[in-house]
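Below is one structure, written out as structure tokens; the observations come after it.
The values are calculated or read from the model by the stated rules, or taken from the named source; none is laboratory data. Everything quoted here is computed from the prediction, not taken from an experiment. So basically every Cβ, Gly included, is an ideal-geometry build from the backbone, and we count neighbours across all protein chains shown. Calculation scope for accessible area: heavy atoms of the full protein, side chains included, ligands and nucleic acids excluded. Shrake-Rupley method; radii C 1.70, N 1.55, O 1.52, S 1.80 Å.
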Amino acid sequence: MTYLLEARSLRKQYADKLALRELNLQIAPGEIFCLLGQNGAGKSTTINLFLGFVQPTSGAAFVNGLEVAVHPLEIKKHLAYIPENVMLYPHLTGLENLALFSSLAGFKYPAPALLDYLTDAGLPAEAAGRRVGTYSKGMRQKVGIAIAVAKHAKVLLLDEPTSGLDPKASNEFSELLRRLSGQGTAVLMATHDIFRAKEVGTRVGIMREGELVDVRPTTALNARELEQLYLTYMH
Amino acid sequence: MRVFWILFAAEWRHFRTARGLVLLCGLLLATGVYGIYYGTTEIARQRQQLAALPELTRRNVDELKVKFPGPADAGDIGYYHSTFAVHHPDAWAALSLGLRDVNPSYVKLRLLGLHNQLYATDNANPLKLLSGNFDLAFVLVYLVPLLIIALGFNLLSAEREEGILPLLLAQPIGATTVVGAKLAFRLTLVLGLAGLLSLLGMLWARLPLDGRVATWLALTVLYCLFWFGVVLVITAWQRTSAVNAVALLGVWLLLVVLVPSLLNLGVAAARPVPQGLELTIRQREEIHGGWDRPKTETMNRFFALYPQWRDTATIRERFVWRWYYAFQHLGDQAVAPLAAAYAHGLQARYDLVERLNWLSPAINAQSSFNALAGSDLPTHLAFQRSATHYHDSLRAFYYPFLFRQAEFTHADYAREPRHSFTSLAEVATARRGLPTLLLSVAALFGLGLLLLRRPIAPR
């Protein structure tokens, strides 16, 4: 069995803080793994380790079977990333930003295809030709989603991707994740939204002080039980 | 490589929308054009001045012909007649004026003692001299680095601070490619501007398109590369835009202002040059003392230098010109060691600066440009030597009249020697600057690339 994402005894120690303690995690194709936890619990550190933005103190992260530290460029062909706060070139239009990031990822889309990606992500068509400097946070988030989708990556790394999105857009995003999961994409999503995690995730993991303290399949719990479980760990 | 060009093209779009930078480039272009205008008009003014000198000499001769209608005593002519030692600029001096503003482009000479004439200059505003020339070389050496700093201080930190970097680095592109493309775009821009200005200057000044074109351009390219090397190292150091800006301006201040000033002070201390005042006083004392010394003493000292005039008539008159010129000559003799020490001292300072110019690429580039244009100190010293020889030849022309007591006729004016000296480009000196620059460029890029091997922090 090849996992698309794998962490083996992954550990990150900062001078003053242990950010991640011996993380072992496997995520298979089609899985949507939601990381829950308070701020500073290590969710973002985990994602940054998979991205290669942070170097592990010990252990290793693998993307599509490739060790991140050894193949820092190669792995980025296989993953797409949506940060909590998508920032783009403000003087370019949404369309131009998408075209630029897609071409950097190796794709060359005709303008109508680019527009489709943006509207599919929920961006109004009239906004696509406007400078991103005029966008709201939610609109930038949608361009970020379009950039990630247009990359056709096997792995999605999402760091609170729905922050700034209204409930309708969040819901559409969940739909999108389900669709991608159906196509075999593995998703690792850090979130604070327990209910959405339950709704869209296949498994949830609860992190506390750098440690993954529990992992449950979402089918085994309902949202209330998950919330109770979460709160127990936080006390 | 494909990604490189995508990023390169994106940089162009980012640049186009950054109004401030576009304005800055336009400003540099405008100052460059002004620099070329300044240099070419200054050289044209000097040329015009030099071209008027033969007319002045001719008028002076005409006046003397009226004053002395018949055959005259050559002593009178030598006293009242003035001629000029002229230093014609090389055409390249229009792009790099060098010392042509501080040092006179001509010296007015009479048969009197040389040394109080050789160092005479026109009055000039010392404040203006202090600030230096606003020629193209100034724009390239002092201002272009500032443009490079303005273009490069936030090379990568801008994206980091705007939060774009995480998304950018999540794409399969290496840090070297990102930084390389950004650097390459700015390099193209700056070299385009510097090259455009250089070519414009060459056409405007109607320069002979000889091998010096390549040397000038090579110096310009390497000097710009040096500053891009500094930008690369600072970028790879991965600090905030503000820290980068301060660091880059600090390096500019250090290499363009501080090191040259300190080097100037240090070299002046290490290679002392006799005071001009001392020379002037010595010569004046010798010459003015000449009136009071016994004539035979003066003449015997003079004959020791010119034995061929020893058997001329003994002086019994109260005043005779050959005695007057003899003590003028002895005045020069008395300060000859001081004058030589002065010239040697200046040359020694220049040599020391040349040896130490690796300390600052600004000094290196400036002195190489000046050498290329023949507007530096060695050229001026060569002119002074040439003027000294000319004065010698004037003496050689007049002394037979004085000592043989031959009459100076109107026809003799035309036989008087004339002087002309044209700056010679020191291409070899200019080219010596290239390997030093190349070495520092290689060192900076090596260090920068080494630092870039560390992972780039996206936040």
Practice item. Please go through the stretch B:147-181 and pick out each residue that is farther than 11 Å from B:Ile456 by Cβ, away from chain A (no Cβ under 13 Å) and open to solvent by less than 30 Å² (accessible area, probe 1.4 Å). Key: B:Leu147, B:Ile148, B:Ile149, B:Ala150, B:Leu151, B:Gly152, B:Leu155, B:Gly180
Review point. B:Leu187 is checked against (1) within 14 Å of another protein chain (Cβ to nearest Cβ); (2) touching a residue at least 24 places away in the same chain (Cβ under 8 Å); (3) open to solvent by 30 Å² or more (accessible area, probe 1.4 Å) and fails just one. What number does that condition carry?
Key: (1)
Point to revise | Only listed residue being crowded, with 22+ Cβ neighbours inside 10 Å and more than 11 Å from chain B (Cβ to nearest Cβ), chosen from A:Ile75, A:Ile32 | key: A:Ile32
Check your understanding: Taking helices (runs of 4 or more DSSP H) that fall entirely within the stretch B:244-345, which contain at least 2 residues that are without any contact (Cβ under 8 Å) to a residue 12 or more places away in the chain, surrounded by 13 or more Cβ atoms within 10 Å (Cβ to Cβ) and of a type outside the set (Asp, Glu)?
Key -> B:259-270
Exercise for review: State which residue pairs qualify: first residue free of Cβ contacts under 8 Å to residues at least 60 places away in the same chain and inside the stretch A:164-189, second residue open to solvent by 70 Å² or more (accessible area, probe 1.4 Å) and in a helix (DSSP H, G or I) in any location, beta carbons under 7 Å apart, and separation of 6 or more residues or different chains.
Suggested key: A:Ser174/A:Glu199
Review point. Among the numbered criteria (1) under 22 Å from the mean Cα position of the chain (by Cα); (2) modelled with pLDDT under 90, which single criterion is violated by B:Glu317?
Key: (1)
Exercise for review: Considering each residue of the stretch A:129-156, count those that are polar (S, T, N, Q) and open to solvent by 10 Å² or more (accessible area, probe 1.4 Å), and give that number.
Suggested key: 2
Review point. Of a type in the set (Phe, Trp, Tyr), outside the structural domain of A:Phe101 (by TED's automatic domain parsing) and within 13 Å of the chain's Cα centre (by Cα), is that true of A:Phe173?
Key: yes
Exercise for review: Only one of these is hydroxyl-bearing (Ser, Thr, Tyr) and open to solvent by less than 20 Å² (accessible area, probe 1.4 Å): B:Thr409, B:Thr379, B:Thr388. Name it.
Suggested key: B:Thr379
Exercise for review: Please tell me if A:Leu114 is under 27 Å from A:Glu199 (Cα atoms) and not small (Gly, Ala, Ser).
Suggested key: no
Practice item. State all residues of the stretch A:9-52 that are assigned to a strand (DSSP E or B) and on the phi > 0 side of the Ramachandran plot; if no residue qualifies, say none. Key: A:Ser9, A:Glu22, A:Gly37
Check your understanding: Of these, A:Leu23, A:Leu36, A:Leu92, A:Leu4, which one is over 25 Å from A:Ile194 (Cα atoms) and either of a type in the set (A, V, I, L, M) or in the same structural domain as A:His235 (by TED's automatic domain parsing) (or both)?
Key -> A:Leu92
Practice item. State yes or no: is A:Glu74 in contact (Cβ under 8 Å) with a residue 40 or more places away in the chain, among the acidic types (Asp, Glu) and either in the same structural domain as A:Tyr230 (by TED's automatic domain parsing) or touching a Ser or Thr at 6+ places or on another chain (Cβ under 9 Å) (or both)? Key: no
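Every residue, every condition in (1) farther than 16 Å from A:Met207 by Cβ; (2) modelled with pLDDT under 95, yes or no:
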{"residue": "A:Leu5", "(1), (2)": "no, no"}
{"residue": "A:Gly37", "(1), (2)": "no, yes"}
{"residue": "A:Glu67", "(1), (2)": "yes, no"}
{"residue": "A:Met87", "(1), (2)": "yes, no"}
{"residue": "A:Leu114", "(1), (2)": "yes, no"}
Exercise for review: Name every residue in the stretch B:403-436 that is in contact with a Phe, Trp or Tyr (Cβ under 6 Å, 6 or more places away or on another chain) and either farther than 30 Å from B:Gln49 by Cβ or in a helix (DSSP H, G or I) (or both), in order of residue number.
Suggested key: B:Phe403, B:Thr436
Exercise for review: Could you tell me whether B:Arg212 is touching a helix residue (DSSP H, G or I) at 6+ places or on another chain (Cβ under 8 Å), of a type in the set (Lys, Arg) and farther than 24 Å from B:Tyr38 by Cβ?
Suggested key: no
Practice item. Report the residue count in the stretch A:157-168 for those that are open to solvent by less than 10 Å² (accessible area, probe 1.4 Å) and either among the aromatic types (Phe, Trp, Tyr) or within 19 Å of A:Leu118 (Cβ to Cβ) (or both). Key: 2
Review point. Among the candidates B:Ala44, B:Ala18, B:Ala91, which residue alone is over 30 Å from B:Tyr399 (Cβ atoms), within 14 Å of another protein chain (Cβ to nearest Cβ) and aliphatic (A, V, I, L, M)?
Key: B:Ala18
Point to revise | Residue list for the stretch B:190-203, filter: crowded, with 18+ Cβ neighbours inside 10 Å, within 23 Å of the chain's Cα centre (by Cα) and over 15 Å from B:Tyr37 (Cβ atoms) | key: B:Ala194
Practice item. Would you check which residues across the stretch A:78-103 are closer than 24 Å to A:Ala190 by Cβ and either crowded, with 22+ Cβ neighbours inside 10 Å or within 7 Å of another protein chain (Cβ to nearest Cβ) (or both) and list them? Key: A:Leu79, A:Ala80, A:Tyr81, A:Ile82, A:Pro83, A:Asn85, A:Val86, A:Met87, A:Leu88, A:Asn97, A:Leu98, A:Phe101
Review point. Given B:Leu207, B:Leu222, which one is outside any helix (DSSP H, G or I) and open to solvent by less than 30 Å² (accessible area, probe 1.4 Å)?
Key: B:Leu207
